[in-house]
1. To the nearest 500 deg cm²/dmol, what mean residue ellipticity at 222 nm is calculated for the chain from DSSP H runs of n ≥ 4 alone, each contributing -39,500 (n - 2.57), summed and divided by the residues?
2. Whole Å is fine, so just give me how far the alpha carbon centre of segment 179-197 lies from that of segment 1-68.
3. For LYS41, list the aspartates and glutamates whose Cα falls under 12 Å from its own Cα; do not include residues on the same chain fewer than 8 positions away.
4. Starting from the Kirkwood Rh over alpha-carbon pairs, what translational D in µm² s⁻¹ does the chain have by Stokes-Einstein at 4 °C and 1.567 mPa s?
5. On C-alpha positions alone, give me the angle between the axis of helix 123-138 and the longest principal axis of the chain, in degrees, nearest 10.
6. How compact and how long is segment 122-272, expressed as Rg and Dmax of its alpha-carbon atoms in Å?
7. On a 0 to 90 degree scale, rounded to 10, what angle separates helix 20-31 from the longest Cα axis of the chain?
8. Taking +1 at the Cβ of each Lys and Arg and -1 at the Cβ of each Asp and Glu, which of PHE195, SER104, ALA87 sits farthest along the dipole of the chain towards its positive end, judged by Cα position relative to the Cα centre?
Amino acid sequence: MPINIDLAGHTALVTGSTQGVGRSIALHLAEAGANLVLHGKHIDDHGHATLAECEKHDVEVSLIEGDLSGPTESCVERVFREATNRAPHIDLLVNNAGTYRDTSFLDISVSSFEQTMRLNVAAYFFLTQAFAKRWVERKIHGRVLMIGSINGRLAEPTHAGYDTSKGAVEMMVRTLCVELAPQGIRVNGLAPGLFVTPLTEPALHDATMRQWMERHTPNGKVPHANVAGTAAAFLLSDAAEHMHGHMLMVDGGMSVWQQPDPPSAMETECET
């Protein structure tokens, strides 16, 4: 039977969907027929451009703004209220908005760490809770997708705060699956590897850095974020109906091997 990636009749809120991975996810959901509520910290040219691209697929699209890194209760309540006012029938939630900070563990401040955890963890948790309550009350079989990272499994120096937050996202996917699957709500996650996005593009212009990144990915590729959109549409579709509590690694194989040998390393044999 053909795989069914048809989201017609569904409506999705995708947080942080004006650029990068979130934008790719939104475009692929629109292509699959889902109506959309786009979200950004601010409404800007990127947001309007994403909205226009999604509308080309003849779906209903709204754009809302809201900073999810502030006080969790009020920020989440505002985004939830705005989204459901625009689209009362949201049944797909993609928690994507996040922050990345490159700071030594010895130097990271309490305020910086707390802001990372508010946006990357608490906003995911409580926005999902708000929608889950609504869905259970209305007997809606909702679907949630958490955007994590390979940093939820692979640690990096100077990434302690970010890595901790993404590790929490992966456990959130598993825990909420156990609680919500009996209610007919499907929770999964998607963990991107390294993509070309506005955030990573400056580093990728450095030829040495790009070669290093390609070498640390088994398939040798650093793709654009569109590969995340394809995977997201699948996980939210009926084709993935029996997938619950799964974190799908979209990383070219980066997460499955140990530190690769340096290019000059010779093959050796050893006995133990």
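1. -12000 deg cm²/dmol
2. 17
3. Excluding near neighbours in sequence, the set is GLU65, ASP67.
4. 67
5. 40
6. Rg and Dmax of segment 122-272, Cα atoms, are 18.3, 62 Å.
7. Its long axis makes an angle of about 50 degrees.
8. Positive-end residue among those listed: ALA87.
Readers should treat all values here as calculations from the given coordinates under stated rules, not as data from a laboratory. The structure presented is a predicted model; accordingly, all values stated were derived computationally and were not measured. Cβ: placed from backbone, ideal geometry, glycine included. Neighbour counts: every protein chain shown.
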